[in-house]
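For reference, the structure is listed below as structure tokens.
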Amino acid sequence: MNNTLKHANASEIDLLLIEHDHFITLQIIDDGDGFDVSSHQAFNGHSLGLHDMNDRIKSLNGIFDVQSDPQVGTTITVKFPVQTSKGSYQHV
């Protein structure tokens, strides 16, 4: 949400947290400027940005997805497995 507030010029940000049987989904959706996702995947010289978020989420066995279109907005989706029984996880 910090990046949305700093860069997107969004008038609305929706935050959805949804519980499923074996995973939870977090979505952050904005109606901001949007951007070309492919040009923001690697280190840009001063910030790790999306790459760092992806690494952090993967370290928690999660899945990270970014969909964005210039002039339309951005949707970030994160899925995490939830513990089902005796320390086991259901992977998404």
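The values are calculated or read from the model by the stated rules, or taken from the named source; none is laboratory data. None of these values were measured; they are calculated from a predicted model. All Cβ positions, glycine included, derive from the backbone under ideal geometry; neighbour counts span all protein chains shown.
Could you check, for segment 2-10, whether at least one of its residues is surrounded by 15 or more Cβ atoms within 10 Å (Cβ to Cβ), of a type in the set (S, T, N, Q), closer than 12 Å to I76 by Cβ and at pLDDT below 90?
Within segment 2-10, one or more residues are surrounded by 15 or more Cβ atoms within 10 Å (Cβ to Cβ), of a type in the set (S, T, N, Q), closer than 12 Å to I76 by Cβ and at pLDDT below 90.
With the condition kept exactly as written, say whether any residue in segment 25-39 is surrounded by 13 or more Cβ atoms within 10 Å (Cβ to Cβ), at pLDDT below 90 and not in a loop (DSSP other than H, G, I, E, B).
Looking for residues that are surrounded by 13 or more Cβ atoms within 10 Å (Cβ to Cβ), at pLDDT below 90 and not in a loop (DSSP other than H, G, I, E, B), one finds at least one in segment 25-39, hence yes.
Of the numbered conditions (1) at pLDDT 95 or above; (2) surrounded by 15 or more Cβ atoms within 10 Å (Cβ to Cβ), I18 satisfies every one except a single condition; which is it?
That leaves (2) as the condition not met.
Within segment 1-27, can you find the residues that are of a type in the set (D, E, K, R) and in contact with an Asp or Glu (Cβ under 8 Å, 6 or more places away or on another chain)?
Scanning segment 1-27 gives E12, D14.
Looking only at segment 13-24, how many residues end up being assigned to a strand (DSSP E or B) and within 16 Å of G62 (Cβ to Cβ)?
6
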